[in-house]
Each structure stands twice: as C-alpha cells, then as structure tokens.
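Taking it in order: structure first as structure tokens, then the write-up.
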Amino acid sequence: MALASQDRTLLPICKQSFNFCVIIETRVSILAKLKNSSAFYIIMKIEDIVLQNPWWKSAGWEKADRDLRQLEGLKYIYDRKEYLPHKNGVFILYGPRQVGKTTWIKQRISEMLKGNTSTNVFYMNSEMVRDRFELYDAIKTVISLYNPKEMFIDEISAVEEWERAIKGLVDAGLLEGRRLVLTGSSSVNIMKKAERLPGRMAQGQYKFRYYPLSFKEVARVYGIEVKTPHEAMARLDELNSILYAYFLHGGFIKAINSLNKEEVLGENIFSLYSAWIDGELAKIKRSPETATHIMDGIANAMTNDVSWSSLARGISHPTIAEYIEILKNMFVVDYIEKSKRAKAGATKNKKIYFTDPFIYWLSLFKSRKIISAGKSDIDETTAGKLAELSVYKNIKQHLDLKLGENEFDSRRYIHFEKERTGETDFVVDYGGRTFKLESKFGKTIKEREGIVYLTKDTFSDNKLPLSVFLMFPEDSLQLLKL
C-alpha cells in the first residue's frame, strides 16, 4: 500500500528524530506503534507546528494569519522594527500580555520572507507542548528536518523548566549559527530561569523588555514625527492635543484604537485586559479579588509615599507585599524608594505607580468604580496623578533602552526625596549625573533651587512642558538654564 503524501512527511520524523527504522505503510500503523511514546505526541504535534508556519508552504500567508489579520481595519498601527539585534544567539523578549509581542514576531517574519516561501524561519507557541522534554524534542525535530536559521518560541514561560531544554539544545550544538528569540510574560520566570544559562545566551544584551508604547511612539502613531526637543517645542500644541488621550489609552495599541473608535474606553477593552490579569493570577493560584482590592488602594494612593499595609484594609502586610511583587512581575505596577542621599531615620515608605496610564483606568474598572472612561473623566486631580505616572513610565523606558542592561532595575536609577524643604518626585541618577524632577501639571509651583518643574504648557529657565519632556526625557532638559 502506498503512503499518502501527508503520511510520507511523518517518516523522516521517526527516522531522524527518534531513530525508528521500521517500514511503516500507513499513518494509522505509525500512530499505533508509537501510541505510548513521546514520539507519538511529537508526530501528532508536528502537524500543529506546520500549521503555525504557513510560510513553509505558501506565500501570502499573512492574509490568513490571525494575529496580522487583527490589524486589518485598525486606524492606528505601530511597528517596532528595530528592537532586537541582527546577530546569532539566544535572546529573550518579555513584557505584559496583550501588548503586541506575537504580532511583532509575525511582522518580523513577514519582513524577513518578503513574500517568499521558506523553511528558514520557524515559529512555535510553546503553550502547545506539555513539558521541557517535548519542547526539546519539537525544536530538535524541526532543526533536523528544516534547518531554520531564525527561530521564535512564543510564551516560553508557559513551560516548566524551559531553560533546561534550551541548555540542552545549546550544549548539543544545535543552536549554532541561528538566532533564537524566546518571548514571555512573567519577568520573574524569565529572569530567574535565564540565570541558569550562563554562557549560553547571546553576547552583550540578550534580555529585552517589550513595554507598552512610550509617549514618543504614541505621537508617531498619531502621525506626529518629532526629531529634536526644539522641534517638539515648536509643535507643542499638537503634542498637547494628544496628551489627554494618552492619559486614557496609554501605550496599549488596542486601547488607542478603541478610544478613537468609541470616544471612550468601554467594557470590551477593559474586560480583555482584566482577563489577562485574572488569568495570570489563576495560574499561580492567587486571588484576583485580593489583587483588585490592592490595585484599588494603589489607584487612591498613587503619587504619595505609602506603606504597603496602608493600601488595603483587612489584608495582611505580607500578603500585600507578595501581591505587589506578583503584579510587578506581571508589568502591572512598579515602585521607587527614597534616595539614599536623604537624611537617615526617614520613612521607609515607597511610591507606587501603575506601569501605564491605561492600567490606572483598568484598576478602576476592576474595582467597579467605572464602566467606561473618557476625557471628561480626567479632572485636575486625576490629570496630576496620570502626569506623574507618565513621567515615571517614560523615564524608565528611556533609561532601559539607552543603558541596554540585561538586569535593568529602575530602582537603581530613580528615587524620590522627602525633606523639610519639600518633596522631589523623581531624583534620577545615572552616568555620573543627577536630575531632580517635579511633576506640576496644572499645579501651583513653590520653586526650589535645582528642581526641574514639568508643567502643562509653561516654559522658562527651570520649567518644561510635560509633553516635550515625555518626548525626550533626557535631551529636553538641555533647553533649560539651570
């Protein structure tokens, strides 16, 4: 009996990957013989792998790709083309879910192939494999059969002990001459597991954080391309015109499109991202209700220095501290500490922020305080909170991209000060320089020497419009006379 073409594709898998040198005439007999082995599972999964790599068989695959098809009909799209270095090695790209990592991968694959078919590029969502052994076997099989040079493994943190599979592939020499990009959504999983791969990652920076869009990137989404701080000052009215929209949708491209289509952020967009947070918590057996309670406390306390125990009544300090670290690792919140230059004996309180303006509104939705959010919901107090949050977010992302550190931690560079003479929102130390920043969006300013004040639209020797600073968190300070 002759083998069907689909069945014949399975023979090399058995022979090359699992050393089964039997004569098999039908697909049924293949599966029967391998039913209780790991080979059986890989053979069943190789078809799924082929489905995830449609460019192996046909050009024009983009039209049917679910991730790229979601971009159709969207008014606003942003493509971070140059985000990883073009060199061989193992790289890690991680950030919150629903921020566009998978879409970024598909855009890169489309760009690499330029309309051609090729097995040189391999993609796999690791949620399709059960453990590190199947992860190892799946990648080894694809390398044996197709010899791809560009490899993308999505959501690697879904696999327990994934680093052991990658270590085995590197040590076996199977990844030489290839670029392997691993993506994940949990920073603690990625960072701790990657530490177990000494000498096996790419040279130089190999860990990259994939954040929601910065204000500068959002401006580009809206068609505002500004190259220098001076040009930003000249186009201040344009930048300010999108600032309140940014205070709502932040850097999430789906939220940008939702707001511009509906004029408010509604239940659909909030529910999508709420499910992300609740789903990640469920995976580690933590309570979404407890997290929501703590997030509500953060929304109320944001811009003030606080103790963890003050954030939520009825929840113990250790529990709050644990959940804050979990939410931090999920890219939901972040916090800074008091500057070491401050006088001894001062409070150990911290200032905690959501990582993006959109997540502030999401926290209110999860707490059932709002069902939608629009520009009319941004009063003076809320604008002040979101302005300060935006300052922190954009400083952090700027420093991360500029410094290029694998283990970037903003707390090494960004602090706050609170002394008798007043509070300083952000003290930024890096490269032997120090910048002191106060977010005063629409607030009365009581000036102190050496402080840069970020205002709604005032420009003077020590005052800078917020939107100009957000565009250029470092270079814009050169406009001032301090």
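The values are calculated or read from the model by the stated rules, or taken from the named source; none is laboratory data. Just so it is clear, the model here is predicted, and its values are computed rather than measured. Methodologically, a virtual Cβ is constructed for each residue, glycine included, from the backbone with ideal geometry; neighbour enumeration extends over all protein chains shown.
Look through Ile284, Ile298 and report the one residue that is at pLDDT 95 or above and among the β-branched types (Val, Ile, Thr).
Answer to the check: Ile298.
Quick check, is Ile46 assigned to a helix (DSSP H, G or I) and at pLDDT below 90?
yes
Suppose we keep only residues that are closer than 19 Å to Asp356 by Cα and in contact (Cβ under 8 Å) with a residue 60 or more places away in the chain within segment 400-415. Which one would you say is surrounded by the fewest Cβ atoms within 10 Å (Cβ to Cβ)?
Per the criteria, the residue is Arg411.
Could you tell me which of the residues Glu134, Glu111, Glu155, Glu127 is buried (at least 18 other Cβ atoms within 10 Å of the Cβ), under 29 Å from Tyr78 (Cα atoms), modelled with pLDDT under 95 and not hydroxyl-bearing (Ser, Thr, Tyr)?
Glu155
Hey, which of the strands (runs of 3 or more DSSP E) in segment 131-242, taking only ones fully inside, have at least 3 residues that are under 20 Å from Tyr83 (Cβ atoms) and among the aliphatic types (A, V, I, L, M)?
Where strands (runs of 3 or more DSSP E) fall fully within segment 131-242 and carry at least 3 residues being under 20 Å from Tyr83 (Cβ atoms) and among the aliphatic types (A, V, I, L, M), they are 179-184.
Suppose the filter is modelled with pLDDT of 95 or more and buried (at least 17 other Cβ atoms within 10 Å of the Cβ); does Ala321 pass it?
So Ala321 fails the test.
Please go through (1) within 18 Å of Ser187 (Cβ to Cβ); (2) surrounded by 17 or more Cβ atoms within 10 Å (Cβ to Cβ); (3) in contact (Cβ under 8 Å) with a residue 40 or more places away in the chain for Ile284 and return the number of the only condition it doesn't satisfy.
Every condition holds for Ile284 apart from (2).
Go over the candidates Lys375, Lys348 one by one and state the one that is surrounded by fewer than 17 Cβ atoms within 10 Å (Cβ to Cβ) and touching a Ser or Thr at 6+ places or on another chain (Cβ under 9 Å).
One residue alone meets the criteria, Lys348.
Out of segment 430-482, which residues are over 17 Å from Ser241 (Cα atoms), within 31 Å of the chain's Cα centre (by Cα) and surrounded by fewer than 16 Cβ atoms within 10 Å (Cβ to Cβ)?
Tyr430, Gly431, Gly432, Arg433, Thr434, Asp475, Gln478
Anything in segment 439-453 that is outside any strand (DSSP E or B) and in contact with a Phe, Trp or Tyr (Cβ under 7 Å, 6 or more places away or on another chain)? List them, or say none.
Selection gives Lys440, Ile445.
Might you check whether a residue that is outside any loop (DSSP other than H, G, I, E, B) and basic (Lys, Arg) occurs anywhere in segment 454-465?
Yes, some residue in segment 454-465 is outside any loop (DSSP other than H, G, I, E, B) and basic (Lys, Arg).
I'd like the full set of residues that are buried (at least 18 other Cβ atoms within 10 Å of the Cβ), touching a strand residue (DSSP E or B) at 6+ places or on another chain (Cβ under 9 Å) and of a type outside the set (A, V, I, L, M, F, W, C), limited to segment 201-216.
Tyr206, Lys207, Tyr210
Conditions tested, residue by residue: (1) in contact with a Pro (Cβ under 7 Å, 6 or more places away or on another chain); (2) modelled with pLDDT of 90 or more.
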site	(1), (2)
Gly173	no, yes
Arg179	no, yes
Ser185	yes, no
Ile190	no, no
Met201	no, no
Tyr210	no, yes
Leu213	no, yes
Lys216	no, yes
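Identify, from the list Thr183, Thr228, the residue that is among the hydroxyl-bearing types (Ser, Thr, Tyr), surrounded by fewer than 18 Cβ atoms within 10 Å (Cβ to Cβ) and touching an Asp or Glu at 6+ places or on another chain (Cβ under 8 Å).
Every option except Thr228 fails the conditions.
Kindly check whether there is at least one residue in segment 111-129 that is in contact with a Gly (Cβ under 7 Å, 6 or more places away or on another chain), farther than 18 Å from Pro85 by Cβ, in the same structural domain as Gln205 (by TED's automatic domain parsing) and not in a loop (DSSP other than H, G, I, E, B).
No: zero hits.
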